Every structure is written in structure tokens, then in C-alpha cells.
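Structure first, commentary second.
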Amino acid sequence: MTATSVALRLSDVHVSLGGHEVLHGIDLSFTAGRWTSVVGPNGAGKSTLLKTMAGLLPVTGRIFLFDQALVAMDRKQRAQQLSWLGQNESASDDLRVWDVVMLGRIPHQDWLAAPSVKDHAVVETALQATGAWHWRDRSLGQLSGGERQRVLLARAMAVQAQVMLMDEPLANLDPPHQVDWLEQVRCLTSQNTTVVSVLHEVGMALHADDLVVMQAGRVVHQGPCADAVTHRAVEAVFDKRIAIHALDGQWVAVPKL
Amino acid sequence: MTYQGARCSARVVALGLLMLCALGIALGSAVGSTGIESWFSALHDDTAWQIVWDIRLPRSVGACAAGALLGLAGALAQGLFRNPLADPYLLGSASGASLGVAVALALFGGNPFAAEFLVRLGLTGAAFVGAVLAVLLTLVLARGVQHTLRLLLAGVIVGVVFGAVASLITLMRPDVLQGMQGFLLGSTSFIGWNACVLMLGVLLVCLVLAFALSRVLDALSLGESTALSLGLPLVPMRVALVCVLALATGTAVAQTGLVAFVGLAAPHLVRSVVKTQHNWIVLLSALMGGVLLLAADLLARLLLSPQEMPVGVLTAVLGGGYLLWLMYRSQTSRAAP
């Protein structure tokens, strides 16, 4: 697979939740090895889009993962290639951190098989990368919100999927760990992993390679983060209440007062 | 590495609980109205042998097995419904069993703990059939097992309606009242070797199945969507887990009546001792349930000796107290920074 191949492609995807259509005909494609951020106002359908791409919702339309139809894929094979981190997923307090991250290895394990040496190594790497290694023996209930989020992040990374979908991965993270996460995503994309993240903080989202701008269940723009057209599209969906400026070679979003 | 250490401690707990089970059964065979003398004279005295071998031992082994079934079912229910207050009777099996017993009593009359083998078998069968029918009805009303909340609500509805019908039967036939009450309180007094073998066999099957399916419970504890995203076939596995839950509960209820709180408390006790994956939680909860019911059975026989209390009264009082303490503790720990 070359660096320019398409990892995920959606064609005329409609999704209804509870009888209401929330995604109206989405056409998108995500280039392999790039990081795309999805931004948009509350209720734009960002999380639904991510869940849809993870194959967790019934849809009309077609979704392709590396040119294979997502619905036709073998469950396990799909789980190996696609990792999903949800937002506000309830996690039991009783599981130990180590065991939580090991769950990310399920797609690679045979039923009833004990974790392999590789599984142990991957879990350790993921825990080290998110700085959660030191409390691997604690249970989730003993962790703060940010620490918990780092464990769940490690769980998603332990899948070692080629496509990672993350919904608000920075929730509850303090600034140093947000920067850690940015570095980890850069490291993942340099290994040709495709990352799609939903981020409500526009400033963080602007660090991505590409931006998908959503509003009211539709994609209004998809383009590189460095592009002025993209910036105008972001400002437009947020009612021009924010402005995007360059600062020290980075893009920042500031409130327009 | 330390994670190995944690797994060892699960083994240590398992070993400890096994030893407690053995101790409880040994004690159970030595306690009774004729005291420990029967134990020493059992080898040369036929009556003493009968008391130990045919009454005390099956009763103790049976209490342990029934408790284990309830503990196992409790761990499955709490994992499956991702709710720490879930108990094995949640899917309506308890009220189904009581309705079965009420119908059988009204039709044939008599005491549910009568020693006559046929009556006993009939009532046990009626309780089991009632429990299974109630669970099936719950599943039909909830239209499958996918929707957890719907399943819980359907269980509540079935429980209330079946309970009401059972009460109505009891009201219309006051002569079955005493027998019904005995069943509702739960008792280990009349477990014979047949019941023991049956319960142990079902326990073994349920344990193997639960152990094999435990990974789904682990994944479910991260949320349904996450479990799905990990490529697990949730629907068939949930169906299998609900079946194991119903089989374990139905078998225990049919033999011992509605023993309260063991299924609810055992998994909590286990989790307060050791944090581990569900395969161990399931196994340890079964052992813990066995120990709990054995201990309650011993106490029930000792407290008012030579009279005895229905074991369900004891488990209700002790379990209720424990739950209250748990509630208080979780409140204070949440209030703390």
C-alpha cells in the first residue's frame, strides 16, 4: 500500500438515530498515513460520523476500509484494522489498568488463548507512551478523569490498527499530556497509521494535517489545516465568533470579542 | 512483574475460599441436634452414620453448591448488566419459581419441604419450570438480549406480575401459605444427595461456560460500543450468558427456594478483596457464594439450636447489613477528596 492510498472512504452515507436522520449523505475519503480532525458546532454529527466509520451504527450508503466494504468485512479482521475510542463511554471502576489495555489485544488473540509475549510487549509500550505504566496495577476507579482517559487511550493504541478513530481523546487531559498526545499522533502517522479525531478545541484540531468541517449533519468542507479556505470554513460554522491566526508557525483559534 | 503478582493473589484467594468451603462442609457435618458425637460414632453406629452421611453432609454440600450457583449467577448478572446492584433473580426467575411452587402446592397441597421424595421432586421441578418460563417471558418481552435496560424492565414487569399471581393463589388457598412462606425464605434443610449431584453437575457446566465467555464481560465493562469495536460477536455471547445465568439460578432456586442476597453480595465481596478479570471474578464469586451460604447454614443451625432458622432469613439479614455498609462506604469514599 502506497502512502497516498485511501484508508477510509464514505459514499452517500445516511445515518438515523431514534428515527431522526442525523447524517445526511456524507461523502468523504481519508488518505492513509494522515491525521484528520473533525470539527464543528455541538450536534453537528461528529461523534456519529466517527461511530459510523467504526461500523458501530446501521447505515445506508457505502463505507470502504482499504477498498473493502466495511459491512462485508470479517468482524475480527475489521477490529484488527480499525480502532475506536469513544467519548464518555462508561467504564467499570473495577478493572485494572493493565487488564483494560490488554482488552485492546482481543482482535489479535484466539478465543481462550493466553496473551502472547507480543501482546505483553504491546500493552507495555502503550502504557509507557501514555504515561500510565506506573499505575498499571491500580483499578480504573482509583484514577482521576485525565488518568483514566490516558488508560483508555492506551487501550485504543494497543490494538495497533492501521486506522485509529478517536472521539475527544483530549478530554480531561492537562496541557503536557495534550502535547504528549500530539506527539503520539505524529509518531503514528509517520508509521502510516491513519488517524481521525473529533476535537472540540479548534486550536488543537488545527495541528492536524487535514480538517473536516461539519455542520448540521453535513460536511461543509474538507481541506488541509494550513489552507486559508479551511480557516474561513471553520470560522463560518462557528458563526464567525472565533478567528484563526498564525502564531510562531502554528495556527491558533482565538475568540472574537 | 507486578501484574503477575495480582494474578497470584487471585489464586491465593481461590485457594483460601476452597479451604473455607472444605472447613464449612466438615463443620456442617459435625453440627446438629445430636452434636459432634455422631461424627465420632459414625463408623460403628448406623444411626449416627445416617445422620452424618444422609442428612448433614448432603445438606452442607448442597448449601455450598447452591451458594456457588447463586454467586456465579450474581457475577454474571452484574457483568452482563454492568450494574453492581444486579442480582441473579433479576430476570424474573425468582417470581417464576415461586409461581411454579404456588401452583404445584395449590394443585397437590402439602409442604414444600416435606421429605416425601415425589412431592419434593414435583415441587423442585415446578420451581425450575417456573423459573425458566419466567426468564423466557422476560426475553420475549425485551425482544432479545441486546437492550440492557429493556431487559431489566421486562424482568421487573415479569417479577411483579408473576409475584402477584403467586400471591393471589396463596390468598385463595390459605392452606398452602405456610409452605409458600417456607419456600420464599429459602431453606437448605432438605437437600439430598440427588439434589447435590444435580447442582454440582450444573455448577460445573455453568462454570466452564462462564469461564469461556468471561472475556465478553471484560470487554463489556468498557461499554457496549467498545466491545463491539473489538470485534466480539456480542449477540450470541449475550444469549449464551443469559442462558447460563438462568440455568444456574433456576437450579439453585428449585432446590433451596429464594435464598436472598448471596448472589448479590458474593461478587461484591470478591471485588473488594481482589481486582481482576471476569474469568477469575466468576470463579471466585462461585466459591464465595458457596462459603457464604455454608456459613449462613451453619449459623442457622447453631443460633437457635436445637431449633433452626430458615437460612434465607439469615442471608437476608446479613446481606442487607452488608449492603448497607457498602452503600455507606461508597458514599464516604465519594465524599472524600
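Along the axis of the charge dipole computed for chain A (Cβ charges of +1 for Lys and Arg, -1 for Asp and Glu, origin at the Cα centre), the listed residues A:73, A:111, A:143 are led at the positive end by A:73. With R₀ fixed at 30 Å, the C-beta to C-beta distance from residue A:5 to residue A:93 puts the FRET efficiency at about 0.15. DSSP beta bridges confined to the protein assembly as shown are antiparallel in about 60 percent of cases.
The mean number of Cβ atoms from other chains found within 10 Å of a Cβ in peptide B:205-216 is 1, as a whole number.
Normalised by the number of residues in chain B, the mean separation of alpha-carbon contacts (under 8 Å, six or more apart) gives a relative contact order of 30 percent. Gyration tensor over the Cα atoms of chain A: the corresponding equivalent ellipsoid has semi-axes (square roots of 5 times the eigenvalues, largest first) of 29, 23, 17 Å. Using the Stokes-Einstein relation with a Kirkwood hydrodynamic radius computed over Cα pairs, the translational diffusion coefficient of segment B:2-335 at 37 °C and a viscosity of 0.692 mPa s comes to 162 µm²/s. Given a Förster radius of 45 Å and the C-beta distance between residue B:326 and residue B:164 as r, what FRET efficiency does 1/(1 + (r/R0)^6) yield to the nearest 0.05? With a Förster radius of 45 Å, E is 0.90.
Among A:111, A:135, a tally of other beta-carbon atoms within 10 Å of each Cβ gives an order, fewest to most, of A:111, A:135. Based only on the alpha carbon positions, what is the Kirkwood hydrodynamic radius of the protein assembly as shown, in angstrom? Evaluated on the protein assembly as shown, it is 26.6 Å. The fewest-to-most ranking of B:56, B:143 by surrounding Cβ atoms within 10 Å reads B:143, B:56. Ranked by how many other Cβ atoms sit within 10 Å of their own Cβ, fewest first, the residues B:89, B:322, B:328 fall in the order B:328, B:322, B:89.
Partner chain Cβ atoms within 10 Å, averaged over the residues of B:267-276 - can you pull that number for me?
Working: counts 1, 1, 0, 1, 4, 1, 0, 2, 12, 5.
So the per-residue partner count for this stretch is 3.
For peptide A:85-97, the mean count of partner chain Cβ atoms within 10 Å of a residue's Cβ comes to 6. Farthest towards the positive end of the charge dipole of segment B:111-262, among the residues B:235, B:134, B:165, is the Cα of B:235, using unit charges on the Cβ of Lys, Arg, Asp and Glu.
When you restrict to C-alpha pairs under 8 Å that are six or more residues apart and normalise by the size of segment A:6-255, the relative contact order lands at 26 percent. Between segment A:77-120 and segment B:222-298, what is the C-alpha centre distance in whole Å? Centre-to-centre (Cα) distance: 22 Å. Averaging the Cα positions of each part gives two centres, and for segment B:158-185 and segment A:197-257 these lie 66 Å apart. Helices in chain B, meaning DSSP H runs of at least 4 residues, each add -39500 (n - 2.57). Divided by all residues, the mean residue ellipticity at 222 nm is -26000 deg cm²/dmol. Annotation: average projected area of segment B:256-337 is 6.3 square nanometres, based on the convex hull of Cα atoms across all directions.
Read-outs throughout are calculated quantities, based only on the coordinates presented, and are distinct from any laboratory measurement. Not measured: the values here are computed from a predicted model. Virtual Cβ from ideal backbone geometry, glycine too; neighbours counted across all protein chains shown.
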